[in-house]
Amino acid sequence: MPTGRTNAERSEETQAALIAAARELFTERGYGDTTTEAIVERAGVTTGALHHHFKDKVGLFRAVFSATDRAMLATVAQSMEQAEGDEWQRIMAGLHAFLDQCNTPHIQRILYTDGPIVLGADWPSQTGLDLLRQSLAVLISRGYCAEQPIEPLAYLIDGSLGLGALYIARADDKRTARAEIEHALLALLSGLRIKP
């Protein structure tokens, strides 16, 4: 009975090793100072494997960016699910979790320092929009916010969150920047609230 790994399993392992190695190196050195040679050496694979799975360094960065973005969103969603209190308090818990995530080095570097430069018009990610749409729909349906079109509001809030994260990532004093952005975002979101 064969006990070896399948081609699909080997392929998944190679991709995972490349993403993990690239994430570490992009965080440590930045995208521009990370070579494909350094990535494949750390991952323990060949340059051919990188090109087979991701085409080039930009393709690999996109995969790292997406994985990082999804993980951050999962943390935010989990914080909202575990928060006690009403819907508004759960959304505030999500906001705090988002800002906490923005203070972690790999998220700052990959999503908000290198992401806009490497991805250009494809930045920012739109993965958080679904969570925002759902949250806004709940707030409106439960009377916390006035009835209004959700789509433009979700885009505006998403933009505010993304630019707030950029502000934190680029600040010399990230702790102060986080406090400033949190204060501004809370004021902005509180302006939407009509139910005490």
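Structure values in brief
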quantity	calculated
Rounded to 10°, Cα long-axis angle of helix 128-141 versus longest principal axis of the chain	20
Principal axis dimensions, the range 7-190 - Cα atoms, whole angstrom, descending	56, 40, 30
Highest-MSF residue in the chain out of 28, 180, 13 [GNM, Cα springs under 10 Å]	13
Residue 163-residue 130 pseudo-label distance in nm [points 7 Å out on the Cα-to-Cβ vector]	2.7
Computed magnitude of the charge dipole of the chain (debye, nearest 20; Cβ of K, R +1, Cβ of D, E -1)	40
Degrees between helix 150-170 axis and first principal axis of the chain (Cα, 0 to 90, nearest 10)	60
Loop-located trypsin sites (Lys or Arg not before Pro) in the range 5-48, at most 12 other Cβ atoms within 10 Å (DSSP)	5
Simple label model, 7 Å out from Cα along Cβ direction - residue 183 to residue 96, nm	1.8
Cβ-derived FRET efficiency at R0 35 Å, residue 36 paired with residue 155, nearest 0.05	0.50
Where labels lie 7 Å past Cα in the beta-carbon direction, separation of residue 9 and residue 176 in nm	5.4
Of 48, 115, 164, the one that fluctuates the most in a GNM where the chain has Cα springs shorter than 10 Å	48
Residue order, fewest to most surrounding Cβ atoms within 10 angstrom, among 144, 155, 112	155, 144, 112
At 0.890 mPa s and 25 °C, Stokes D of the range 1-60 from Kirkwood alpha-carbon radius, µm² per second	207
Between 0 and 90°, nearest 10: helix 7-29 axis offset from the chain longest Cα axis	70
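Rule-based calculations on the coordinates, nothing more; no lab input. Note that the structure is a prediction, hence the values are computed from the model and not measured. Glycine also receives a Cβ, built like all others from the backbone with ideal geometry; neighbour counts cover every protein chain displayed.
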